[in-house]
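Reviewing the structure listed below.
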Amino acid sequence: MKSNSRPRTILRTYPYWFYLPAALVFGVFFVVPTMLAFYFSLTRWTLFDATFIGLDNYERFLNDPQLMAGLRNTFIYAVITSGLKVIISLPLAMLLTSSLRLKGLLRGIIFFPVLVSTVAVGITFASLMQPSVGLINTVLGALGLPRPDWLGNPGLALYSVALVDVWKGIGIATVIFIAGILSIPLDFFEAARLEGETWVKFRYVILPLARNATFTVILLSFIGGLRTFDLIWTMTRGGPGFASDVLTSVIYKQYQAGFYGLSVAGNVVLFILVTIIVYPLMRFFNRAELEL
Amino acid sequence: MIRKFLFLLLLLVLETSVAAAQDAVTLTYLVDDTQNSQDTAQALADAYMAEHPNVTITIETRPGGTEGDNIVKTRLATGDMTDIFFYNSGSLLQALNPAQTLVDLSDQPFIENIVESFLPTVSQDGQIFGVPTGTAMGGGILYNRNIYEELGLSVPLTWAEFEANNAAILEAGIPPVLATFGDTWTSQLFVLADYYNVEQAVPGFADAYTANEAKYATTPAALAGFTYLQEGYEQGWWQPDYATTRFEQGLALLANGEVAHYPMLTFALSTIAANFPDQVNDIGFFAQPGTDAEANGATIWMPAATYIPQTTQGAKLEVALDFLGFIASVEGVDAITAAVAPNGPYLIVGSTLPDTVLPAVQDLAAYIDSGNSYPALEFLSPIKGPNLEQICVAVGTGQMSAEEAAASYDLDVERQAQQLGLPGWD
């Protein structure tokens, strides 16, 4: 970033003790626990005493097929949810920035699921997706369509939860896109109109100029997907078997089992993973932004 | 002078004891949320409060399974446990570090009232921590006797006979075996209730297993339980929607004769008795069959117990100890029997079962009386891998083979043994 000079001048306007309260809060609630987590991940910890065992927990984590399946599922989940959110919410945002009459109402409706508690959404959808008496399959059956066992079929459970996640997260993504589209100067649309086609407007105006919004949506929903927990837990608890286990549910289960050290090691793995994936992504997006 | 002093002293003693008796004490009693446990706890609390008007015992519930284990562990570790709580005996208790977290009861007079064979399941380092609350249970197969009568089947003594029965039931258009994987803990019975057969085939498996010398994957008799789950999936024994069916929904299916068998603990009977009082007499029990008809017998579960955490002190501790004494008395047993249909024998000296016990409990009692019963592994060894339920669901839904599952469970067991700091596992 070339604009480094500005933050520096801001830094100098305040004396250092000004930062002390924030630093204290950050230190006590973030830095110290993180450091402690790194330490406890190297121990066998019973909450009463901790035995130092080196990297055993990590070795265990990476050698366990079920834990690795959790890792794979996490990726699938993050890619599917962030991908679908972009694909669905961009056209929605375009629709909702057009001169539609019911725009306000529709915006409200699309944003509504975001406001509902995730746990409530999970429980509701778990019963909607019940295979024989659930609403979804009742409707599908009435239409003569196949009635899949959404959450009971091991090959399907993860995707069913991902779909609900998309439904719930689409509101935020759409709002970000709306903001992105509205920030494009009208001149560009004028020029596109001269070209005459909607496709031109989409391909050469909205897509490149709302790129910031696209990146934000991808990044936010990808991170959200990597650390998803509440929906998975309320809908399947990682089941059936290990079929929809993701990193966070695996970590939570290790914690439930009383394997505190192993569970903390899982959290460190998650932390490193998010950093490794998201940092380059962010760098790439930032560079792309500068090139614009 | 001395007389006056003594008089004053007497007065003081009287005064304090009277005051202590009248001081209102409230105890909170944490139990799991099954109907059976709640009713048992409530019956005990009501009977005790009737005799001790100054005491109030409120029941607090928690989820069962690993989620409940987690709540209990965390509350104990953070000093946030209720005044008394209800929890499994055996290996699950060992995982609570009882010597560091619970009040030692070994000096209490009421320990004498407890059947001696129960005590090891609530002990650690020579200390005793719990009193049995409720009845012992059988683990095996609950079955619908109407279906057996209609199809002219008889109780199987070997697994081969069980398979033949299942084939006949399937042919009659009834799902032979109920699977309720929506409550994952229910998936473990084929493995856990097979322990009588494991012990017959490999005497002393429990000790070798605890000492890291015997494994599920390499002991054919122990592997069998996982094989049964795989077989159930492959042969299509389960009812529709088995992957998401919950425990209580399953009990309805069994009571209504929509499935024939349910691998389960007999504690489910009291829930059936509460929800389906007319059908509960149609339910019978048989031990999970093994390879040898001559060596047929039932696996027994010890009752769960009531414990006092070390955070309970002072007047509350005194009342809590007195309440535990009540639970470990014949009056306590009678209070439970009046409210909850017994699921098996009590482990309190001098207690008796009423003449009107459920048919399935009579079936279970027949195994115990004839000496054909053996405790489940979790009461013989401190180690039980926490992932067993999830692994069993994975096998029962066709995602994992029996061999993979056994190997995976061995790994889980190793982890638990190391966490417990047992010798021979490092």
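Rule-based calculations on the coordinates, nothing more; no lab input. Computed from a prediction, not measured in an experiment: that's the story for all the values here. All Cβ positions, even for glycine, are placed from backbone atoms using ideal geometry, and neighbour counts span all protein chains on display.
Quick notes
- Partner chain coverage, peptide B:390-399 - average Cβ within 10 angstrom: 5
- The ratio of the alpha-carbon radius of gyration of segment A:58-291 to the globular-protein estimate 2.2 N^0.38 Å is 1.17.
- The stretch between residue B:74 and residue B:274, if pulled fully straight at 0.36 nm per residue, gains 68.8 nm over its current Cα-Cα span.
- Residue by residue along A:251-259, Cβ atoms of other protein chains within 10 Å of the local Cβ number 6 on average.
- Integer Hz, Karplus 6.51/-1.76/1.60 couplings in order for segment B:140-152, x for Gly and Pro: x, 10, 7, 9, 8, 5, 4, 5, 4, 5, 4, 8, x
- Under 11 Å, Cβ to Cβ, from residue B:311 - net charge with Lys/Arg +1 and Asp/Glu -1: 0
- Least to most buried among A:245, B:104, B:125 (fewest other Cβ within 10 Å first): B:125, B:104, A:245
- Contour minus Cα-Cα distance for residue A:184 and residue A:35 (0.36 nm per residue): 49.3 nm
- Ranked B:91, A:89, criterion: other C-beta atoms within 10 Å, fewest first: B:91, A:89
- Antiparallel bridges, percent of DSSP beta bridges restricted to the protein assembly as shown (to nearest 5): 60
- Across peptide A:230-243, the average count of Cβ atoms from other chains found within 10 Å of a residue's Cβ is 5.
- Approximate spin-label separation residue A:48-residue A:124, in nm, with each point projected 7 Å along Cα-to-Cβ: 4.5
- Estimated from the Cβ-Cβ distance and a Förster radius of 41 angstrom, the FRET efficiency linking residue B:111 and residue A:117 is about 0.30.
- Stretched out straight at 0.36 nm per residue, the stretch from residue A:109 to residue A:139 would grow longer than its current Cα-Cα span by 8.6 nm.
- The spacing between segment A:242-278 and segment B:249-267, judged by their C-alpha centroids, is 36 Å.
- Sorted by Cβ density within 10 Å, fewest first, the residues B:241, A:230: A:230, B:241
- Couplings 3J(HN,Hα) of segment B:76-81, computed from phi: 5, 5, 9, x, 10, 6 Hz, in residue order, whole Hz [Karplus 6.51 cos²θ - 1.76 cosθ + 1.60, θ = phi - 60°; x for Gly and Pro].
- Of B:156, B:176, B:303, the one that fluctuates the most in a GNM where chain B has Cα springs shorter than 10 Å: B:156
- Pairwise centroid distance, computed over Cα atoms, of segment B:72-131 with segment A:38-89, Å: 33
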